[in-house]
Structure formats: C-alpha cells, structure tokens
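The values are calculated or read from the model by the stated rules, or taken from the named source; none is laboratory data. The shown structure was predicted, so the numbers you read here are calculated from the model rather than taken from an experiment. All Cβ positions, even for glycine, are placed from backbone atoms using ideal geometry, and neighbour counts span all protein chains on display. These accessible areas exclude ligands, DNA and RNA; they are computed on the full protein's heavy atoms, side chains included. Shrake-Rupley method; radii C 1.70, N 1.55, O 1.52, S 1.80 Å.
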Amino acid sequence: MSAFGRPADVPRWVSIGLIPLVNLVLAFVAAGLVVLLIYWGQYADGTLPGADYLYTPVRAAGLLLKGAFGSFPNWSYTLYYTTNFIFAGLAVAVAFHAGLFNIGAEGQAYVAGLGVGLVCLYLDFLPFILVLPLAIVAAALFGAAWAFIPAYLQAKRGSHIVITTIMFNFIASSLMVYLMVHVLIAPGQQSPESRAFAAGTVLPTISEVLSWFGIRMRRLPLNLSFLWALACCVFVWIFIWRTRWGYALRTVGLNPRAAVYGGISVAGIIILAMCISGALSGFIALNEIMGVQRRILLNFVAGAGFVGIAVSLMGRNHPFGIIFAALLFGALYQGGAELNFDMPEITRDMVVVIQGLVILFAGALENLFRPRIEALFRRRAPALQAAKGTSS
C-alpha cells in the first residue's frame, strides 16, 4: 500500500482524476433522471410523452453550459463565483490536512468583511497601492482572529472544532447585524449598509480593466481578486508540500501520536492551521466587499463558506484540484440561473439538488466504484509492465 492508502500499482491520476470524473458523471446522470421526473408531471393527464421528452436532460445540460460559458459576461459571473469557492475550498483543505474540519469559513469570511470595510471606509485618503495590501492584511487578520478562538479551544481545552466553528458562524452573524444596524449604517437610510466606498479603494473589475484598453462593456462582477485566488493556490501548495511547517501540519493530520514522538507541537499546529484557514476564508471579503458590493452589508458571503466544504472534497484537498472543483460549482451557480430562465420548471432549488448529488457521489459514495476501478488497473498492471519492458 502507498502512503495515500491505495495500492501502489494504481496510478495516482486514477485516484485524483478518473474516480472523481466517474462520480461526477454519475451525479449528472442522476440529475438528468430528476429532470425527467419533473417534466413527467406534464403528462399526468394520461397523454404519452413524445420523443423530445427523453432529450430534456440533454437540453437542460446544454442550457446550463451555455449559461455558464456561452458568452464573456457569463464567463465573468462564473469566475466571480469561482473566486469565492477557491478561497473557501483552500480554507477547508488546509484545516483538513491537519486533521481538522473547519465549518466556520462562513463566519470567518463575514468578520473579515468588517476588516476590509474598515480599511476602505477610514483609509480612503491613501492611494490604492497602499489600500490594497492593507485590505488583504485586514481580511487575513480578521479571518484568522475569528478562527483562532475555536482553534485555541480545540488545542488547549479539547473542544470539538466542528461544534465551535458552527457556533461562531452564528455569533459572527449576530455581531455583524448589531454593527450594521447600530454602528456602521450610513446616515439617513434604513437599509443596514455602510456608505459606499471611495472610488480609489475598490478592486477594478474586468470590465474596468478592459476599458483601460478602449473596450467598453457593462460592469461585470469579476475582479482582480480572482488573480489573488490563483496566487493563494500556489502559496498553499508550496506551504503544504514544500515547507517544514506543511510537513508538520500533514504529520499531525495523519498521526498525532507520531507527531508528538517527532517533537511536533500538536496544539501549535492546530492553531496555525486554523489561523491560516481563517485567513484564506477572509479573502472572500476581498471579492465581495471590495470588488463587487463596494460597501459593508449583511449576508454578503451567501453560503460560499459551506460550498467550500464540497469544493475541497471534490478537489481532493489539493489546491489545483480545488480550482477545477470551484469552477464546476461556479458554473452550476451561474448556469443554474440561466437554466431557470429558459426552463422555468427547473428552479434554483433544482440547482441545489444537482449540487447535492455532486456532493453525494463525490463524498459519501466516493468508494462506490473505487474498488472495481482499482482492481481493473491492478489486473492490467503486469501486462503494462511487460509491454514497457519489451519496448525498452
């Protein structure tokens, strides 16, 4: 057996590529059956469905793909959602490598929005080249600070990280409601929002960047935080697999007793992993608060922290796998909105069902076909080795 708990003669790409792809295809097949059941209600009067009925799932899939990738504005919205999911997926993955299940990304991003908003509101006299790094630092610090308390309780008091992070999501929500209603609300309005940020404190969107080159189009939500999300993927990969801190973190996640025997502070690694996880969650606020909303407001995270759990799971907790998983969920979000417009019978709730099926097959049923696929490759391994030896 290899270090990854799979037969050593099974190629790594089978585990991280082929098996997730098979599970994803099965999830969409199951979603297609659900679509057929939805449209079956049209024939409740006893009439028989025509041949076009069987093509309904194919038509729905085509509309979903067109809504996600059919035009440049659609791409922009898809990558805007993808940005949030990359940050959330990385946050969950870092904690998971340390043996922790961080369900608090939602609250950590929420509190980080407060940090980003304070920088943009009260440091707007600074040039953008200074505001941007300060906003990044504020997002990381506020997110890490909100993750530190559950981490400390887990490391020093034995509190379960899942319970404490869930509770801190609700505390963050209540805290933000109080601050927005009683402290940060813009004067003269009833909506719990801050005043709009100054023009020099917001992230340029892709449409604004294109306007610098004479290309005019309507404002699109995709902004420069997408590039920061990709950079964070590289940073996380280097940290986890190319530094001694990452090695210690993975050791704690795989075998805490061996880590203690090797002189690694388990409590310190737990706190480190959760703080990094909280900082990554906090970067969602850059995309939402500084890039799109351009003011502090309630509920701007909109469930992205919870979707990050599925993204990390689908991406096998690897930064580059997370990019593709986040793109998938971003396409479901954007394509689902367009699908509902063209096929009203398929509501946004149906898109949630598809997401649930992806999570089901990629998570709970991950090992449904794994033994058969790996057995197939084990049977073929001797023939492949013989053929390779003959050719050499």
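Protein chains only, probe 1.4 Å: how do I238, I163, I346 rank by accessible area, largest first?
Most to least solvent-accessible, the answer reads I163, I238, I346.
Of all the C-alpha pairs in region 81-124, what % are more than 12 Å from each other?
Of all Cα-Cα pairs in region 81-124, 66 percent lie more than 12 Å apart.
Please identify the helices of the chain, taking whole runs of DSSP H, that span at least 18 Å along their own axis as judged from the Cα atoms and have a mean Kyte-Doolittle score of -1.0 or higher.
19-40, 56-69, 72-97, 105-122, 128-157, 161-182, 225-242, 266-282, 319-342, 370-391
If I model a spin label at F125 and A196 as a point 7 Å from the Cα along the Cα→Cβ vector, what separation in nanometres do I get?
My value for the distance between the label points is 2.3 nm.
Taking a ≥ b ≥ c as the square roots of the Cα gyration tensor eigenvalues, with a/c under 1.5 meaning rounded and otherwise prolate when a/b beats b/c, else oblate, which class fits region 168-286?
oblate
Along the Cα-to-Cβ line of W212, 7 Å from the Cα, sits a label point; which residues in region 283-316 have backbone N less than 19 Å from it?
Under cut-off, by backbone N: 287, 290-292.
Could you tell me which label, among (1) 150; (2) 215; (3) 139, carries the value of volume of the Cα convex hull per residue in Å³ calculated for this structure?
Computing volume of the Cα convex hull per residue in Å³ and matching it to (1) 150; (2) 215; (3) 139 gives (2).
When the accessible area of the chain is split by element with a 1.4 Å probe, what percent falls to carbon and sulfur?
So the carbon and sulfur contribution to the accessible surface is 69 percent.
Using only the alpha carbons of region 87-215, determine the length spanned along each of the three principal axes and report them from longest to shortest in whole angstroms.
55, 37, 23
Can you bin region 251-333 into rounded, prolate or oblate? Criterion: square roots of the alpha carbon gyration tensor eigenvalues sorted a ≥ b ≥ c, rounded for a/c under 1.5, prolate for a/b above b/c, oblate for the rest.
Judged from the Cα gyration tensor, region 251-333 comes out oblate (a/c at least 1.5, b/c at or above a/b).
Could you provide, to the nearest whole Å², the per residue accessible area of region 275-379 with probe 1.4 Å?
Heavy-atom SASA per residue in region 275-379 reads 37 Å².
Could you put H182, H97 in order of accessible surface area, largest first, with the 1.4 Å probe and the full protein assembly present?
Largest accessible area first, the residues go H182, H97.
Per residue, how much accessible area does region 140-200 have with a 1.4 Å probe, in Å²?
57
Restricting to Cα pairs below 8 Å that are 6+ residues apart, what does the relative contact order work out to for the chain? Please round to a whole percent.
33
For the chain, what does the helix formula give at 222 nm: sum of -39500 (n - 2.57) over DSSP H segments with n ≥ 4, over the residue count, nearest 500 deg cm²/dmol?
Result for the chain: -22000 deg cm²/dmol, rounded to the nearest 500.
Under a GNM of the chain (C-alpha, springs under 10 Å), which listed residue has the highest mean-square fluctuation: N367, N74, N317?
Largest GNM mean-square fluctuation: N367.
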